[in-house]
Structure formats: structure tokens, C-alpha cells
1. Taking just the C-alpha trace of segment A:246-351, give me its Rg and Dmax in Å.
2. From the phi angles alone, apply the Karplus equation (6.51, -1.76, 1.60; θ = phi - 60°) to segment A:131-138 and give each ³J(HN,Hα) in whole Hz, x where the residue is Gly or Pro.
3. Mind giving me the FRET efficiency for residue A:299 and residue A:270? R0 is 22 Å, r the Cβ-Cβ distance, nearest 0.05 is fine.
4. Cβ under 14 Å from residue B:259's Cβ, residue B:259 left aside: what net charge do those residues give with Lys, Arg +1 and Asp, Glu -1?
5. Taking the Cα centre of the protein assembly as shown as origin and charging only Cβ (+1 Lys, Arg; -1 Asp, Glu), how large is the dipole, in debye to the nearest 20?
6. Which listed residue (A:304, A:276, A:250) has the Cα farthest towards the positive end of the charge dipole for segment A:246-351, taking +1 on Lys and Arg C-beta and -1 on Asp and Glu C-beta about the Cα centre?
7. Compute the length gained on full extension between residue A:336 and residue A:77: take 0.36 nm times their separation in residues and subtract their Cα-Cα distance, giving the result in nm to one decimal.
8. What is the sum of charges around residue B:205, taking Lys and Arg as +1, Asp and Glu as -1, for the other residues whose C-beta is under 12 Å from the C-beta of residue B:205?
Amino acid sequence: MAPAAPAAPAGIRFDGVTVAYHGTVVLDALDLTVEPGEVMALLGPSGSGKTTALRAVAGFVRPVAGRVLLGDRDVTDLPPHRRGIGMVVQQYALFPHMRVEDNVAFGLKARRTPKSEIRARVTEALELTGMAGYARRHPRELSGGQQQRVAIARALAVRPEVLLLDEPLSALDAQLRSGMLAELARLHRELPDVSILYVTHDQVEALTLADRIAVMDRARLRACGTPRELYRAPTDAFTASFVGGANLLPVTVRASGAEFAGTVIEVGTDGVAPGASATLCVRPHLVGLGDGPNRITGTLAELQWRGATHRLYVDVGGHRVMADVRELRQPPALGDEVALHFASEDAVLLPAGVAHG
Amino acid sequence: MAEVAPQVRVVRGGSRPGGGSRRSHTAPRPYKPLLWALPPIALLGLVFLYPLALVVRQSFQPDTGGFSLQPYADVLASESFGRALWTTVWLAVAATAGCLVLGFLLALVIAFVPFPGARTVARFVDVYLSFPSFLITLALLFIYGGTGIVGSFRFLTTPWGVLLAEITYFTPFVMRPLLAAFSGIDTAQIEAAGSLGARAPRIVRRIILPEALPALAAGGSLVLVLCLNEFGIVLFTGAKGVTTLPMLVYGKAILESDYPGACVVAVVNVLISVGLYGLYRVVSRRAGA
């Protein structure tokens with residue numbers, strides 16, 4: 001039922017790939033390997049080089065240095081039509097004058113698939129994306145979510161080893177997006193051999209879908225790891241703030257922990273010399289209100305009610321600390337002195353650095 | 001409608017409170033637009049429609065006087081008219097076909113092949129449209145003419161010379177709408193087609209051409225009408241054997257002083273043009289141009 005890749009499953013390898021436009025480096029010596037059958041999310045703000053990396057795999061930009069490999073095939077010098085990839089972009093890019101079935105059949109015809117086979121493959125791809133009932137429609141007669149399903153069916157009909165998804169859900173509204181997210185996860189379970197490179201600026205999509213996340217920032221790869229690793233133990237301030245949101249507190253390393261605003265917080269210093277500056281990362285939802293371990297106090301600067309939770313912004317020694325707590329029956333008033341605390345194992349010490357983006 | 005009528009009467013009477021006074025100043029308003037429209041319509045009628053009517057009337061008045069269909073019978077039966085009609089039609093159709101092919105290829109290159117100066121070339125197309133047609137023919141004379149670069153073979157005085165000159169001059173008229181249509185094509189579609197395994201010819205045939213068809217139809221029908229009526233190019237090439245309908249009008253009226261005959265040919269020419277213009281309007285409206 002599910003289309004199997006014709007050859008052995010292939011991964012993607014970036015080998016020092018550098019892309020520059022008019023002398024501006026937009027992708028700086030990217031080294032990254034997507035294992036066969038893996039979903040890799042390229043996560044980063046706009047202008048971070050993530051889409052450029054995807055376009056280098058598709059063959060729409062030519063690296064000035066480095067190689068791109070699909071499986072053990074070096075495709076750096078191949079034109080797009082010889083790379084054998086499937087691609088889905090944000091704006092669907094369906095062919096407006098073709099019916100849905102002709103859109104899906106386009107790649108098969110381009111690859112000179114026998115006519116007798118095309119019909120079955122089109123039906124198969126449309127069934128896979130739940131669009132079998134719309135084969136005779138034109139793209140303009142479909143909703144955004146349906147159009148994106150057709151675009152995915154079109155990309156899958158050619159049975160690519162590698163599927164490139166460039167912000168595929170960004171044009172959909174929030175409700176459709178979460179539905180399509182589940183749909184993509186199901187598709188990947190049905191096509192376990194297809195490697196997927198998923199470009200997004202949305203950390204929820206990346207956390208939900210990806211086996212691993214590569215965090216991009218200003219043309220460079222910042223960090224790469226499983227969602228859990230990046231969330232629980234980020235290695236730098238940028239990753240910490242971009243994946244999940246975080247308090248990034250400037251601290252001074254002491255023998256017994258890290259000192260923040262006059263309070264020594266018990267945290268593993270991991271061999272950092274006492275006296276050095278560092279950044280302490282604590283997720284807002286792991287910060288509690290009231291007394292507890294690692295207690296810090298400050299004045300409440302802002303309070304947001306978010307339904308199930310309250311978010312508190314507390315000024316502690318000139319730094320703002322965020323805490324997400326369960327909805328409070330009697331929330332403190334602005335300007336009140338409040339105490340916050342968090343468990344030592346929820347805090348991660350990072351090299352000093354200012355987060356941005 | 002029933003509601004509107006009494007209101008108008010109230011306004012005319014000037015008895016409506018509030019805004020009534022303001023409206024009463026503009027009571028003769030319905031006549032004003034007509035007043036404004038009268039001079040241009042009169043002018044148009046005097047300088048354009050009246051002479052045209054004279055042409056039509058003349059075409060029914062043989063030299064012997066009176067009203068007669070004789071000029072039509074004479075002209076339509078004459079061999080020179082038949083030949084001119086055939087020459088006009090095949091030249092116009094061939095020139096249009098040439099313009100479509102050449103214009104499509106050139107517009108493709110300008111729109112989709114990234115080369116330095118592509119925008120300048122695209123802008124030059126606009127400027128080119130403002131050139132007079134005989135200028136191109138004149139320029140061609142320097143290359144293909146009797147004393148031209150290519151030598152003494154008299155290429156320009158053949159129908160092929162006229163065809164070449166018309167294609168050279170009218171191709172930009174096809175490129176203009178095409179470039180507009182091409183700029184509307186989503187490059188993501190072309191990239192999607194490429195990633196699906198399509199090479200350039202297939203992308204042009206299956207993605208670009210269907211999107212460009214309305215623009216091709218609009219540009220093509222415009223060029224067809226212009227070619228049917230082209231006079232300057234045919235005159236300037238000096239092709240004696242090439243007589244098109246406009247040339248025939250010129251010959252009958254100026255050289256033979258056969259005014260009724262000239263008017264008959266002119267009326268036929270106008271009818272063909274108007275018919276094709278109607279077609280052009282239908283096509284271009286469907287193209288959204």
C-alpha cells in the first residue's frame with residue numbers, strides 16, 4: 001500500500017556547504033547529516049539560512065563550497081530534475097490549470113512512468129493524503145489545507161527517497177495546522193524509509209514532528225540534537241530561548257554553584273572556574289511561586305492571565321524572571337514582593353552569551 | 001424604480017428640507033453631462049465619422065453618378081483585388097505566426113533566464129512600441145537593401161522582405177503582454193515542476209505555455225489587425241509586386257484616381273479590421289487584459 005523507496009533508503013549529508021549571494025554568506029559551512037528515514041527539522045528565525053540549506057538540497061541554489069549528498073550520491077552538480085527529491089513549499093505551488101489528478105501525475109509523466117502505472121500511483125498518493133475524492137477538482141476549488149495535501153501527494157507520487165518540506169504549514173490557520181501536523185506524523189509512520197528535511201520557524205512543529213532538530217542562526221548551525229536534548233539541556237543561550245522559551249539569567253560561577261542577584265543557586269558548574277561569567281537557563285514553567293529551593297525574591301512587574309496559567313514577570317536585582325504557574329486564586333498585585341524558586345536539576349548552566357532573535 | 005420617481009419630483013420642486021437647497025442648485029444637472037459630451041462628440045463626428053461616412057457613400061457612387069453596387073461588383077470581381085486580399089491575409093497571418101513564435105521565445109529568455117540587463121531589455125521593448133513602423137524598414141534597408149551590407153540581392157522587395165520587416169516590427173507587440181503574463185507566474189511552480197523531474201521543455205510546454213495562452217491570443221490578434229492595415233512597411237520596402245489592401249487603396253485613389261474603387265477596398269479593409277478588433281476584445285477580456 002505505502003509506496004516504498006525504489007532504492008535503498010537514502011539520507012542527506014551536508015558537507016561544509018556554503019552559499020553566498022553577491023558576496024553575502026547566507027549559509028556558512030553547514031555540516032549536517034540526516035539519517036535515512038529520519039525527520040530532521042531545520043529550526044531558526046527568518047534569515048537564519050534554513051531555507052537556503054533546503055534549496056541547496058533541491059538544487060535551486062548552487063553552493064560556492066562544499067558538497068551535498070543524497071545517500072552515497074553526490075548531487076552537488078546535478079540539476080533539480082535529476083535529484084529525485086520531493087518538495088512541498090509554503091504556498092503549495094500547485095499548477096492552477098491542471099486538475100488535482102494531473103497535478104499528482106505531473107512528476108510521473110516527467111519521469112516517463114508507464115501510462116498503465118500512473119493511474120494507480122496517482123490514486124495511491126491521493127488516498128495516502130485523504131484527497132482521493134477530489135481528483136477531478138481544480139486547485140482553486142480547494143481550501144488551503146486541501147491544496148497542501150495535494151501538494152504533498154504530488155511530491156510523494158514519484159516515491160522520493162527524500163522529502164523536503166519548506167514551512168509547509170505556515171499558510172494555514174492555527175486549527176488546520178495542528179491537524180496537518182498530526183497528518184504529517186501519520187504519513188511518516190506509513191513511509192518510514194523517506195528521509196524528511198523540515199524547515200520551520202515554529203518550535204512547536206519542530207518539537208512535535210522531528211526526530212532531531214538542527215537550530216540555525218545567522219547562516220550557522222547552532223545546535224543539533226533530539227527535541228528532548230535541546231529542550232532539557234540546551235548547549236547555548238540562543239537554542240535555549242528559541243526552543244521552548246527560557247529565562248536566561250546572567251550569573252557568576254562560585255565554588256558551590258552560580259550566583260544570581262546575590263543568591264547562590266545550587267547548580268552543577270561542570271568544571272567552570274569560579275569567578276567566570278555564565279548564563280543560567282531555567283524554563284518559565286519550572287519556576288514556582290513561594291518558598292522552596294533556590295529561592296529568589298523580587299517585585300512583580302507584570303502579570304498575565306492565560307486561562308489555565310498565570311505568567312509572572314518578576315524583577316530580581318534588575319533582571320526580569322518569567323514564571324508560568326497554575327492559575328492563581330488570589331494573584332499578587334503589581335509591585336508586591338514575591339518569592340520564586342526552582343529545582344536545581346531544572347537549571348542548566350550555559351556559556352555566557354546574550355540571546356537574540 | 002417606483003420609489004425613485006417621487007423623490008426626483010421633490011428635488012425639482014426645491015421643497016425638500018435640509019439637503020434640498022443644495023440639490024436645487026444642481027437641478028439642471030441631468031443636462032450638464034450631455035452638454036459637456038456634445039463638443040467632443042461633434043468634433044469626433046466631424047473629423048472622423050463624417051469622412052468615414054463619405055468613404056462609404058463614395059463606394060456606392062460610380063463615376064457615372066447615382067447610387068449603385070457597381071463599384072463593388074467591379075472591384076470584387078477584379079483580379080487585382082483578389083490578389084491583394086490574398087497577399088494581405090497571408091502576409092498578416094504569417095507575420096502574426098512569426099511574431100508569436102519569436103515573441104514567445106524572446107519573452108521566455110528575458111523573463112526566465114537570469115542575465116545582466118534583462119530588465120533593461122524588457123524596458124526597451126516598451127520604448128520600441130513607440131517607434132514608427134517605417135523606421136524599422138528603413139533600418140532593414142541598410143542591411144538587406146540594394147546598397148546594403150548583405151549585398152545587392154533584392155530581398156527586401158519580395159514578399160519575404162515585407163514579412164521580415166513586419167515580424168521585426170510587430171514582435172514586441174506580442175512580447176509586451178507575454179512579459180506581463182510571465183511576471184505573474186509563480187516561480188515556486190516552476191521549481192516544483194523541476195523538482196518533480198521535468199526538464200525545461202516540459203516546464204515551458206506544460207506550466208508556462210498554458211498560463212501564457214490568453215496573453216498570446218491577445219497579442220496575436222492585436223498584431224493580426226495591425227498587420228492587415230500596415231502601409232508604411234510595405235511602401236518603404238519598395239516591393240512592387242507586393243500589393244496589400246492598403247496599398248491597393250493608395251494605388252486606386254492616388255495613382256488611378258478611381259475613388260469609388262479605392263473606397264470599396266477601404267470599406268472592405270475597415271470591415272475586416274473591425275471584425276478582428278471585436279475578436280481581439282473578446283479574447284483580451286477573457287485574458288483579463
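1. 13.7, 44
2. Ordered by residue, 3J(HN,Hα) equals 10, 4, x, 10, 4, 8, 7, 9 Hz.
3. In this case the efficiency is close to 0.10.
4. Summing Lys/Arg as +1 and Asp/Glu as -1 gives -2.
5. 2300 debye
6. A:304
7. 86.8 nm
8. Local net charge: +3.
All of the numbers you see were taken from the coordinates with simple rules; none came from a lab. Computed from a predicted structure; not experimentally measured. Because the Cβ atoms are built from the backbone with ideal geometry, glycine has one as well, and the counts that use them run over all protein chains shown.
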